[in-house]
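The values are calculated or read from the model by the stated rules, or taken from the named source; none is laboratory data. Every value quoted in this text rests on a predicted model; they were computed, and no experiment measured them. Positions of Cβ are generated from backbone atoms using ideal geometry, with glycine treated the same way; all protein chains shown enter the neighbour counts. Only protein heavy atoms, including side chains, enter the accessible area calculation; ligands, DNA and RNA are left aside. Shrake-Rupley method; radii C 1.70, N 1.55, O 1.52, S 1.80 Å.
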Amino acid sequence: MRVFIATVLGLFWFIGSANANIVQIDLTGLGTNTFFAGPCYCFTSRYYSPVITVAPGDTVDFGHVELHSFQSGLTPDAGPNQQFLYLISGVSVSTNPLLPPDPYSILSFTLCNQSDATCITNARSLVTSVDLKFETQTGSIQIGWVSNGQYTPPFAVAAVPEPSTWAMLLIGFAGIGFLTGRRKKMVLNGQKSRSIAC
């Protein structure tokens, strides 16, 4: 009996310790926007989240961001024959609290001649969607991106039990059923022995 209880308790501990948390952080009103002017010849803003501290191994869900393209020049003077360069930023991540995210993370770019209105219109309308869900092994995380981003915070959804939670529940019910069945057998055995003695 003691071995069974120790096994069940050990299994509960193992399953519970294997789960990492998902921490939802709403960045609305948090972080800083700084002016960003290089190494591209562009004049746009850069967003940095604050440094977030969680337990090592946790997953941080910041929500979602849609990043729009921004214009850059190939040279500082942006001469009349120079092509227009449209960039789309990526989301950069730092798990070192002493180092901010890389300030120049570019996912894609488009080059357009100044006279090509169709190319310019298409390049200006480029958008990339990024889910801001990252795991951190260090317990610290900071994210950032270049350009105007349309940020959506994480949605608080009703908790859905994880498989390990279901496993703990079933093990608990099995343990209760085992102990109840054993108790009934003991009671029945006690009644049989009394009737024989009479």
**Study point:** strands (runs of 3 or more DSSP E) completely within region 107-153 that count 3 or more residues being in contact with a Ser or Thr (Cβ under 7 Å, 6 or more places away or on another chain) and crowded, with 16+ Cβ neighbours inside 10 Å
**Key:** 140-146
Review point. Within region 81-96, can one find any residue that is modelled with pLDDT of 85 or more, part of a loop (DSSP other than H, G, I, E, B), on the phi < 0 side of the Ramachandran plot and open to solvent by 60 Å² or more (accessible area, probe 1.4 Å)?
Key: yes
**Study point:** Members of region 42-69 found to be part of a loop (DSSP other than H, G, I, E, B), at pLDDT 85 or above and open to solvent by 30 Å² or more (accessible area, probe 1.4 Å), listed by number
**Key:** PRO50, VAL51, ALA55, PRO56
Exercise for review: Give region 28-41 a look and list any residue that's at pLDDT below 85, of a type in the set (A, V, I, L, M, F, W, C) and not in a strand (DSSP E or B), or say none.
Suggested key: ALA37, CYS40
